[in-house]
Structures are given as structure tokens and as C-alpha cells.
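Notes for the one structure printed next.
The values are calculated or read from the model by the stated rules, or taken from the named source; none is laboratory data. On a predicted model such as this, the values are computed, not experimentally measured, just so you know. Virtual Cβ from ideal backbone geometry, glycine too; neighbours counted across all protein chains shown. Note: accessible area is taken over every heavy atom of the protein model, side chains too, but ligands, DNA and RNA are not part of it. Shrake-Rupley method; radii C 1.70, N 1.55, O 1.52, S 1.80 Å.
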Amino acid sequence: MPSPSRIDPSGKVPPRRIERGNDEDKSARPAAVVAAVLMSIAALVAAAALVVDTVRVESASAVGGGVESASAVGVGVVAAAIISIAPLVVTALAALAAASRSPAFAGALTAGVGAVAVGLAVLDIGLLLDPIDANRLELFRPVTAAPLEPGPGAYLMLAAHVVAVLAGVWGWVAVGRASLTDGYGQSAGPDLTGRAAAARIGGVVSSVAAVAAALVAGSMFVPPYVSADSIVLVPAIIESPWTTAVGSGLVALAALVVTASALASISPAVASGTLIGAGATLLGLTGARVTAGLSSGAGIEVSPGAVVGVIASGVIVVAGVLALPLAAARDRRAARTSQDRVRSTAEAGSDVNAASTRWHLVAGSAGALAGVLLAAAGLLPVLSVPDGLSPPTVLATRTALIAGVVLVLASVPMFFSLFAATVAPALGVLSVAAFMAASGVLQSVVLASDIAGISVGTGGFATIAGSVAALVCGSAVLLAGSAERDDVDTSRRATDVVVGSVACVGAIVSAVGLALPLYRGVDVTAATVVELPWGWDVWGQIALAVTLLIGAVVAARSRRSRGTSLLVGAVVAMVIYLLGWPLTQARAVAPVVGPGLFAGVVGTVILVAAALLSARRQS
């Protein structure tokens, strides 16, 4: 029993923080080691693929004249081949080094590689089915039209990426096991413990990483080369073999999903590893394409999309490298000012609970996916026509492309709790605006597909998928708002009559503009409710009109930041609609301005005034 002199008479014992052990749960280590070993095997197999023939000519008489290997065409293409497999080698070494000390980081590193490797494996299948149309200039350069058959290198490259996918699966197992340990996601600052990695890394770096992922995804739908060579034909992605189209789509999807998952993780180590692994693999793919395009000789040039892809991939890698030190620095600052941080966090985000945060992430992911799909649809053939005919130009894709880009930009803040609640109302309106813009494309698809021999093209399917994703985004915003209201006392919130009146007038005038045609021509008139039957384009405009009317009422009863955000979203939505005049009026002969344009402009100006009045409110 302690002596009375050692007993604290105040009865207060100073709190003592229990530090977690240096080692993570040992159950995560075996999975991390397996993932690292599999990634090492994948790297060795990929290296072996470079020293054997990737393709061979089918005819013995054509040997020496059908294809040039990497070594035959110069140092540049050899460098491209090395760049293509470098991520496997680097991540394998890094995973082996980190498997014992940080299984979560090692697992995330291999998981990021494995996710992108799914698309790379599909691209490799093209080497087996039709080597000359695979356009893998980092591995071989066709110099004649002689038929080619896959060599041992093609099979080895496919095997390497399949093993990388398996390594990625074991990597996620390691991350899952590590997440069950005590201290996972812990921070020196109580307000940062359990927060998404995006909040701990910082909004600037996280936003840049998210935008870079969207750019990489978009670059996958652009041909990597511009060819004037009669042997190397580089068609649009839609016209390429299915392995190229599907593989590119899977790589784009992996870039978006992996980046979003990394930023949503509560462990900065996992976020860092995932971004580095996925970014390095994307950099290997895009970097090899750019290097090969620059080194393949006359007739082959690098496309602007490939350049954008390699830059954006490098940005993702840099974001992953910076993630850990930035999170550590923020943790140290949080530890020094924990009380102030807790108080400011309570004031700024008291109305955001776990459920709304999850719905914010769903809305952001769906919005980003919808935006990318709608933007990609503008670069792909919307309709498939018989051979020998040029696919028709659907001018509505221009408006859909702009709406898609705006939707992606508005979706990025949804991954960060600091901005998500404020931006969500605007994103909800913009998701409906994106659907409205896509509905014009859908109407063209419906009309043209009734003609014999014409069917829906890849751009049409992308528009359909983007429309569905936009609706999912809008629904998630509604559910997030419902979850937020569960934590807020709205019984005493009064309606701002001035803001509500101006907003309602603006919404009504804008709805009239949406109901009337933007332009008229000798042969065709823009979508309008006065002409029956209503097509998809009219229903899209009606959906936006109803959204604006409801939004005006909601904005008057909302807090200043949310109401202003909603009205700003309404203004941007109307601008997207009004852009249909200069972008699509060429479809009509001798077009003239319609009444919808005048009403739409007036309604937009009134909505701008309502947004300014809302921003000047006290609360």
C-alpha cells in the first residue's frame, strides 16, 4: 500500500496517453509479405518478357521485314519498354522493404498497382488476339503489313500483369487486417483521429490528386498516338479492338476509384501507398506511350491526351509521396492546438455526421464518374453506322461535354468534409443539369436508332451510363442533406422572404425559358414543351425546371452558405442550358433566337441577384 505522503490529496490524476506499439497487427504481415513476393514475381516475369520476342511474323519469307524489336529501333523505344515495367520493379522492392515494418503501407502499395493492372491485363490480351492492332509501340514496331502472331513475350507480359492483380488482392487483404488493429487511423490531434486521409493531408494536395485522377481517366479515352504511317493505324478508342476499348476503360475506372478510396481512407499510410502504387503504374503506362511515340520515327507523333496523362500520373505519384509528411505535420500542429482545433471543428462542422459524410463520398464519386463519362461521350461516336459511312455529328454532345467537366469540378470538394456540406446543394442542381444536357444526346440516339443499320455507339452507351450516374449523384446529395438535418434544429429557422421572393421569380422565369425553344430554324426547332410528343430532351429540361423551383423555396429556408450554394448551382445550370444556343444551333437551317433564350437570360440574371442577396444574409 502506498504511503500517505504519496497519495494525491486532490484526487486528480494527470492523464497519461498510452502509446501504441511500433508493430502493427502481426496477422497483416503474412498477407503483406505474400503480396510483396507476388509483385516481385510479376516484376521478374515482366523483365523476362522484354528479352524475348513479343511477336513473330507468320510467314517465314517475311522474317526480318515484318516487325522491329525494341533494340532495333533505337534507345528511345528500349527506354519505353523499361519504363513500362519499372513500376512493377519499384513497387516490388518497396513492398518487400516495408512488409515487416508497415504491412498497411506495403499492402496499399501493391493494391494500387493491382487495381490498374486489371486494365493492363486486358490490354495485353490484345497482343494475343491481334498484335498489329494493339499498338504497343513500346514493345514492337510493325514495319510491314505482314501478319503477326504473339511470341513468348506477349504471354509473359500478360502473366506478369495477372500476377500483379493477385498481388493487389493480397495487398487489400493486408490493409483489411491492419485496419482491425488498435491505433489504426490514430492521430496526435483528437479531432483528426479517424478522419479521412484527405483532411489529414490537406485540401490542396487532395484536390490536385483528385483532379489529376480525372485527367488520367479522360486521357485513356484519347488515342495515345497520331499516326500518318500506313502500317501503324491508330483509330479512335471506340473503333479500336474490344481489348483496347475495355482495357482503357478499366484503367480509367481504376484511376478514379483508387484515388477516391485513398483519399477516403482514415490511414495516411494507406493513402500514401495506394496513390504511389496506382500513380506509378499509370505513369509507367502513359510514360511508355509518350517515350515510344517520340522514338518511333517519322509518321508517329504523341497525342496531346497522352501528354496530359503522363503529367497527371506524375502528379498522383507526387501527391502520394507528400501524403505522409503532410499528414505528420498536420498531426503535430493538431497536437499543439488540440483544444482550439476541437472547438473550431465543432463550430464549423457540428451538422455533419458520419452518415452524411458517407453520402457525400457517394455523391462525389458518382458525380465524378458521370462527368467523365459525359465528357468522354463527346469524344466518341454516339452512333454506330454501316461501314463506309461517316458517323453523324450529334451537336448535343458539346453541351453534355461542358456539363460533364463542370460536374467533375463540382464533385472534387465532396471528398473533403471541410467543403462537402457547403458544395453539396450546388452539386445536386448541377447533377440535374448534367442529366438535362445528356438528355439531348439521348433523344438523338432514340431517333437515329430507329433507322435500319444504325445502332448505339460507344459514346451513346457512355451517355446512358453518365446519365444514370448523374441521377445517383443527385440522389446521394438528397440523402446527405436528410442526414445533416437529423443533427440540426430547424424548427426555429425562419424563411427569408426577400431571398425567397427573388429566387422564386428567377426560378419561374428560368422555367419558362426551359419550356420554350432556344432557337428556331426552317427545318427544326429546339426542344420545347409546346410540341408533342415530348422527347428525352424535353423531359430533361422539365426536370431542371422543377429542380430550380424547388431549390428556390429551399434556399429561402436554408442557412446562408447552403442557400447561396444552391442558388449558385442554379445559375451555373442555367448557363449550361443557355450555351446550347451557340453550341447546337447549327443543326437548324437559318436559325434565329427563340423566346427560351430571352427568358432564360432574364431568369439567370434574377437568380444571380438572389444568390448575392443570400450571400449577404446574417445566417
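Could you check, for the range 191-198, whether at least one of its residues is under 26 Å from Val90 (Cβ atoms) and either surrounded by 20 or more Cβ atoms within 10 Å (Cβ to Cβ) or modelled with pLDDT under 70 (or both)? Working first, answer last.
Of the range 191-198, the ones under 26 Å from Val90 (Cβ atoms) are 197-198.
Filter once more, so that each one left must be either surrounded by 20 or more Cβ atoms within 10 Å (Cβ to Cβ) or modelled with pLDDT under 70 (or both): 197-198.
Yes, the range 191-198 has at least one match.
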Exercise. Quick one: would you say Gly185 is at pLDDT below 85 and either assigned to a loop (DSSP other than H, G, I, E, B) or under 28 Å from Arg358 (Cβ atoms) (or both)?
Worked result: yes
Problem set entry | Complete set of residues in the range 558-581 that are part of a helix (DSSP H, G or I) and modelled with pLDDT under 80 | Arg560, Ser561, Trp581
Exercise. When you go through Val538, Val529, Val554, Val546 one by one, which is the residue that is assigned to a helix (DSSP H, G or I), among the β-branched types (Val, Ile, Thr), more than 16 Å from Pro591 (Cβ to Cβ) and touching a helix residue (DSSP H, G or I) at 6+ places or on another chain (Cβ under 7 Å)?
Worked result: Val554
Exercise. Between a first residue in the range 385-402 that is basic (Lys, Arg) and open to solvent by less than 50 Å² (accessible area, probe 1.4 Å) and a second residue that is at pLDDT 75 or above and in a helix (DSSP H, G or I), which pairs have beta carbons less than 9 Å apart while being 6 or more apart in sequence or on different chains?
Worked result: none
For this session: Scan the range 497-552 residue by residue and report those that are surrounded by 22 or more Cβ atoms within 10 Å (Cβ to Cβ) and either of a type in the set (Asp, Glu) or at positive phi (or both).
Result: Asp537
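Under the condition of being more than 26 Å from the chain's Cα centre (by Cα) and open to solvent by less than 20 Å² (accessible area, probe 1.4 Å), which residue from the range 96-134 is farthest from Ile316 (Cα to Cα)?
Residue satisfying both the conditions and the ranking: Pro131.
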